[in-house]
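The values are calculated or read from the model by the stated rules, or taken from the named source; none is laboratory data. Only a predicted model underlies this, so the values are computations on that prediction, with no experimental measurement involved. Because the Cβ atoms are built from the backbone with ideal geometry, glycine has one as well, and the counts that use them run over all protein chains shown. All accessible areas refer to the heavy atoms of the entire protein, side chains included, with ligands and DNA or RNA removed. Shrake-Rupley method; radii C 1.70, N 1.55, O 1.52, S 1.80 Å.
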Amino acid sequence: MHSAVSRSLKVLTTTLAAALLALSTPAFAAPAPQQGQCANRQAPPAPVDTSEKPAPGKPVPPPLAVPAVPVGGPRMAECGLVTPEGALNPPDGNTAASWVVQDLDTGAVVAAKDPHARERPASLIKTLFALVVVTQLNPQQVLVATKEDAEQECTCVGLVAGGQYTVDQLLHGLLMHSGNDVAHAFATALGGVDSAVAKMNALAARIGAQDTRTATPSGLDGPGMSTSAYDLSLIFHYAMKQPEFAKVVSTKNFEIPATGGKPAIPIFNDNKLLGVYPGFLGGKTGFTDDARHTYVGAAQQKGKRLAVVMMRAEQKPTKVVDQAAKLLDYGFALEADRAVPVGQISYQAPVTTPASGDSSVLADGGTGNSGTSSAAAAAKEDPFGTTGWIITLVVFLIIVGGFVVGHQRRKAAG
């Protein structure tokens, strides 16, 4: 009898352990291999100029803490290529130090390369700044450009001191042509550069971009500037859910009307895949000497929307936009093959609105995305919660175990 009971309890213990593991482990393409020290896990590469030297009397900001549990799943902590098991490698010629291809609807990470490596965003950080702008400023609100706005280090749209512009007009200049004069004008309207940077960092922290710290609204390098391909994928995923943002990045040509005695300003989208790559939805480009070339872009084909983020890339042997197009092709091919995702874009959905007093966050009523997790969405979809199901499973197995033991004892007594 004792051996039979022991065998029964051993089976129950094994079953319980397997069930608990299944409940707590997301289904990704392959387990993460043993990791060594990935390059730039804590901070971007050393700067090549003095742009990140802090102001006199101010300390150098320490690197951001690296989360103990990798955001987006265990494979997101891997160095090098992170691809589905059995999948072909990405096309040759990609120069990016790190990149992510994601499903823009489900949030699934289709493939990646060193996704959490800390890099500099350059002007891709304007996607985060745009989220702050669309939260706090009315599209038809009129802003008056200052002399300081008009004299920023360019790339610039060409704002004139005293010129009157609507927020919507300036948003086109910020995202289509990456205007640093526009970024400064928005920062002025938001209480100054320091205030704007604080709002950007508060929003990044709120939505779960844990690799990201902004030093400037424009993306020009500054002390402590940091992000990752994963974080920018997260930010872009969230930004594309905002109608104003999605509309602007998909605009090919725009004109800011004449103002201040100056002629109208034509703006052309500097993302060269727009109107060229099939189904292209828009994106953003960036460059500084320290960040090198950065890129984000999205496209829709056969009902699938994918986005790619590239960090620290070079224009040779082929242009960065052409490298991005090949990564999108690769992602669509993996999706067509129903490849198992290697990770998940996961952000915390803001639960307050600007009217409630916290003006650093957006409110979209939840993620609106079954593949993107938030505490609120998870509770709504599964009010019982993972812990509740685990407790229920334990109780069920105990009851079954009691039945088995009792049955064995009655059989032995008989």
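Summary of computed values
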| item | result |
| --- | --- |
| Neighbours by Cβ (under 6 Å, 6+ apart or cross-chain): first from the range 130-158, closer than 18 Å to Gly260 by Cα; second part of a loop (DSSP other than H, G, I, E, B) and open to solvent by less than 20 Å² (accessible area, probe 1.4 Å) | Ala145/Leu159; Ala145/Gly163; Asp149/Leu159; Ala150/Leu159; Cys156/Gly179; Val157/Gly179 |
| Residues that are surrounded by 21 or more Cβ atoms within 10 Å (Cβ to Cβ) and out of contact with any Pro (no Cβ under 9 Å at 6 or more places or on another chain), drawn from the range 289-308 | Arg292, His293, Tyr295, Val296, Gly297, Ala298, Leu306, Ala307, Val308 |
| Hits in the range 78-88 (condition: in contact with a helix residue (DSSP H, G or I) (Cβ under 9 Å, 6 or more places away or on another chain) and part of a loop (DSSP other than H, G, I, E, B)) | Thr83, Pro84, Ala87, Leu88 |
| Index of the failed condition, Lys262 passing every other in (1) open to solvent by 10 Å² or more (accessible area, probe 1.4 Å); (2) of a type in the set (Lys, Arg); (3) at pLDDT 95 or above | (3) |
| Residue in the range 217-232 that is surrounded by fewer than 24 Cβ atoms within 10 Å (Cβ to Cβ) and assigned to a strand (DSSP E or B) present | yes |
| Arg312 among the basic types (Lys, Arg), out of contact with any Lys or Arg (no Cβ under 9 Å at 6 or more places or on another chain) and open to solvent by 40 Å² or more (accessible area, probe 1.4 Å) | no |
| Residues of the range 188-216 classified as open to solvent by 10 Å² or more (accessible area, probe 1.4 Å), over 24 Å from Glu153 (Cα atoms) and not in a loop (DSSP other than H, G, I, E, B), total | 3 |
| Any hit, the range 103-118, residues being more than 29 Å from Ile345 (Cα to Cα), among the hydrophobic types (A, V, I, L, M, F, W, C) and in contact (Cβ under 8 Å) with a residue 12 or more places away in the chain | no |
| Hits in the range 250-259 (condition: open to solvent by 60 Å² or more (accessible area, probe 1.4 Å) and over 36 Å from the mean Cα position of the chain (by Cα)) | Ala258 |
| Index of the failed condition, Leu174 passing every other in (1) surrounded by 24 or more Cβ atoms within 10 Å (Cβ to Cβ); (2) touching a Ser or Thr at 6+ places or on another chain (Cβ under 8 Å); (3) not polar (S, T, N, Q) | (2) |
| Enumeration of residues in the range 54-77 that are touching a strand residue (DSSP E or B) at 6+ places or on another chain (Cβ under 8 Å), part of a loop (DSSP other than H, G, I, E, B), closer than 29 Å to Asp221 by Cα and open to solvent by less than 30 Å² (accessible area, probe 1.4 Å) | Gly72 |
| Criterion violated by Ala161 - all others in (1) open to solvent by 50 Å² or more (accessible area, probe 1.4 Å); (2) in a strand (DSSP E or B) satisfied | (2) |
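Condition check ((1) among the charged types (D, E, K, R); (2) assigned to a helix (DSSP H, G or I)) across all residues:
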site: Asp105; (1), (2): yes, no
site: Val109; (1), (2): no, no
site: Pro115; (1), (2): no, no
site: Ser123; (1), (2): no, yes
site: Thr127; (1), (2): no, yes
site: Val132; (1), (2): no, yes
site: Gln140; (1), (2): no, no
site: Leu143; (1), (2): no, no
site: Glu148; (1), (2): yes, yes
